[in-house]
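The values are calculated or read from the model by the stated rules, or taken from the named source; none is laboratory data. Fair warning: this is a prediction, and the values are worked out from it, not measured in the lab. Methodologically, a virtual Cβ is constructed for each residue, glycine included, from the backbone with ideal geometry; neighbour enumeration extends over all protein chains shown.
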Amino acid sequence: METSLPTPWQQALDKLRDWARINSPWAIHYNSGSCNGCDIEILATLTPRYDIERFGIKLQGSPRHADVLICTGPVTRQSRDRLLRIYEQMPDPKFVVAVGSCGISGGAFRGCYNIVGDISAVIPVNVYIPGCPPRPEAIIYGVVQLLETLKKPVA
């Protein structure tokens with residue numbers, strides 16, 4: 001079996017793609033059953049006061065165009081399949097951010113009859129942002145930490 005080395009053009013395109021992915025991530029938000037407290041804080045990060053767009057982050061409406069999935073709330077039985085479908089529709093590489101206590105551990109809804117569990121019980125999570133609800137500064141910090149890990153070379 002013969003392995004071919006990437007051409008200089010392919011290497012240049014890979015570097016350009018990685019640069020664009022790191023400097024301009026597109027995000028999609030999904031509420032998997034929260035009380036909307038975290039959703040309001042995520043929307044606050046988009047306002048001019050906090051302005052998360054200064055990091056190049058753009059909120060998208062389609063999972064097919066998004067690099068980052070921002071999830072809030074515990075995963076309910078009704079939203080489990082939708083969350084999986086959204087995650088599978090995202091192109092690789094994809095990253096997941098769990099926002100709020102409910103997304104991390106189930107929060108106040110843990111143990112309820114219709115709760116599957118936290119987000120990591122359904123899909124892999126890259127960054128956890130604690131709080132009930134977390135402040136916009138904490139959300140921005142968590143997303144920036146994700147971007148910093150993407151800048152590090154993979155060994």
Condition met for residue 125 (in a loop (DSSP other than H, G, I, E, B) and under 13 Å from the mean Cα position of the chain (by Cα)) = yes
note = (1) surrounded by fewer than 15 Cβ atoms within 10 Å (Cβ to Cβ); (2) charged (D, E, K, R); (3) without any contact (Cβ under 8 Å) to a residue 40 or more places away in the chain all hold for residue 151 apart from (3)
request  = For residue 100, state whether it is farther than 24 Å from residue 18 by Cβ and touching a strand residue (DSSP E or B) at 6+ places or on another chain (Cβ under 7 Å).
outcome  = yes
ask   = Just checking, how many residues over the stretch 72-81 are assigned to a helix (DSSP H, G or I) and either in contact (Cβ under 8 Å) with a residue 24 or more places away in the chain or touching a Pro at 6+ places or on another chain (Cβ under 7 Å) (or both)?
value = 1
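To keep it simple, each residue is scored yes or no on (1) in contact (Cβ under 8 Å) with a residue 60 or more places away in the chain; (2) within 18 Å of residue 142 (Cβ to Cβ).
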position	(1), (2)
28	yes, yes
50	yes, yes
87	no, no
101	no, yes
ask   = Considering the stretch 45-63 alone, what residues qualify as being modelled with pLDDT under 85, over 20 Å from residue 92 (Cβ atoms) and of a type in the set (A, V, I, L, M, F, W, C)?
value = 52, 55, 59
Subset of the stretch 36-57 [touching a Ser or Thr at 6+ places or on another chain (Cβ under 9 Å), under 24 Å from residue 101 (Cα atoms), surrounded by fewer than 20 Cβ atoms within 10 Å (Cβ to Cβ) and not polar (S, T, N, Q)] = 37, 39, 51
query = Within the stretch 64-93, how many residues are modelled with pLDDT under 90, touching a helix residue (DSSP H, G or I) at 6+ places or on another chain (Cβ under 8 Å) and surrounded by fewer than 18 Cβ atoms within 10 Å (Cβ to Cβ)?
reply = 3
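Residues checked against (1) within 22 Å of residue 46 (Cα to Cα); (2) under 13 Å from the mean Cα position of the chain (by Cα); (3) part of a strand (DSSP E or B):
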position	(1), (2), (3)
64	yes, no, no
84	no, no, no
87	no, yes, no
97	yes, yes, yes
103	yes, yes, no
113	no, no, no
138	yes, no, no
ask   = Under the condition of being crowded, with 17+ Cβ neighbours inside 10 Å and of a type in the set (Ser, Thr, Tyr), which residue from the stretch 16-35 is nearest to residue 87 (Cα to Cα)?
value = 30
key: Odd one out for residue 33 among (1) in a helix (DSSP H, G or I); (2) within 18 Å of residue 100 (Cβ to Cβ); (3) at pLDDT below 85; (4) not polar (S, T, N, Q)   = (1)
request  = Show the residue pairs that are 6+ apart or on different chains and have beta-carbon atoms under 9 Å apart, the first residue being within the stretch 114-126 and touching a residue at least 24 places away in the same chain (Cβ under 8 Å), the second being aromatic (Phe, Trp, Tyr) and in a loop (DSSP other than H, G, I, E, B).
outcome  = none
